[in-house]
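Before any comments, here is the structure.
The values are calculated or read from the model by the stated rules, or taken from the named source; none is laboratory data. This one's a predicted model, so the numbers in the text were calculated from it and none came from an experiment. FYI the Cβ positions are ideal-geometry reconstructions off the backbone, even for glycines, and counts take in every protein chain you see. Heavy atoms of the whole protein, side chains included, go into the accessibility calculation; ligands, DNA and RNA do not. Shrake-Rupley method; radii C 1.70, N 1.55, O 1.52, S 1.80 Å.
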Amino acid sequence: MGRAFEFRKARKMKRWSAMSKAFTRIGKDIVMAVKEGGPDPDSNSRLRAVIQNAKAVNMPKDNVERAIKKASEKGQGDYKEVVFEGYAPHGIAILVETATDNNTRTVANVRSYFNKCDGSLGTSGSVVFMFDHTCNFRIHAEGLDPEELELEFIDFGAEEVFADDDGILIYAPFESFGAIQAELERKDIEILSSGFERIPQVTKPVTAEQAEDIEKLLEKLEEDDDVQHVYHTMEERTE
């Protein structure tokens, strides 16, 4: 299996799968999707993808419809996607994706977390090159063969296709999202969820004590309401 498979397996065992912030994240995604392409999911592919993700985490349909309606109102502010880069203790690179309606607040908060946890907030471009920006799709596994799917979708950018307990996952470069989404819809293959991830090109092993230091920063970042996703180059420990 490739790096996407190992990355997904490691994350599944960690707190990344916790859905405590899922509704908040999806609510922001709905606002950004509606602002970008309008409130009709039939003509807005980004909104269709967000609605699929809302279903995947059991977000009530009424909540989704209210969020779309609210996002369509003239008084609704927009969220800006901002990426922060830096280092945790022990030389671990950190990439933080945020969605904020107040960049001054978000910058101040993120900087304070790095400072309080003996890390350092870097400049744009300082660590992003250490991660591959990927897109992914989860589909039903029933009646489908991952190897055949990989052959079918390689021309659309697919790099890894594999099965897990929850279905089949397709991984591709970030730029291939639209082409793969369109082809899955053309083939009437139901998309359970989709999204984007930053996969570290190389991970760094750390001791248990060092991992504790790094986890303190990761937890502070993930608890912030403006933070959507946090990625790092720490090798996941299995013991």
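Taken together, the residues in region 152-207 that are buried (at least 19 other Cβ atoms within 10 Å of the Cβ), of a type in the set (Phe, Trp, Tyr) and more than 30 Å from ALA88 (Cβ to Cβ) amount to 1. Kindly establish whether GLU81 is more than 16 Å from the chain's Cα centre (by Cα) and open to solvent by 60 Å² or more (accessible area, probe 1.4 Å). Criteria not met by GLU81. Answer yes or no as to whether GLY143 is out of contact with any helix residue (DSSP H, G or I) (no Cβ under 6 Å at 6 or more places or on another chain), open to solvent by 40 Å² or more (accessible area, probe 1.4 Å) and not β-branched (Val, Ile, Thr). It is true that GLY143 is out of contact with any helix residue (DSSP H, G or I) (no Cβ under 6 Å at 6 or more places or on another chain), open to solvent by 40 Å² or more (accessible area, probe 1.4 Å) and not β-branched (Val, Ile, Thr). Looking across region 73-96, the residues that are farther than 17 Å from GLU215 by Cα, of a type in the set (D, E, K, R) and either touching a residue at least 24 places away in the same chain (Cβ under 8 Å) or part of a strand (DSSP E or B) (or both) come down to ASP78, LYS80, GLU81.
Scanning region 28-68 for residues that are open to solvent by less than 50 Å² (accessible area, probe 1.4 Å) and either part of a loop (DSSP other than H, G, I, E, B) or modelled with pLDDT under 90 (or both), we see that the one that is farthest from GLU236 (Cα to Cα) is GLY38.
Counting residues in region 107-129 that are in contact (Cβ under 8 Å) with a residue 12 or more places away in the chain and within 18 Å of ARG8 (Cα to Cα) gives zero. Inside region 113-138, residues that are touching a helix residue (DSSP H, G or I) at 6+ places or on another chain (Cβ under 6 Å) and in a loop (DSSP other than H, G, I, E, B) make up a count of 3.
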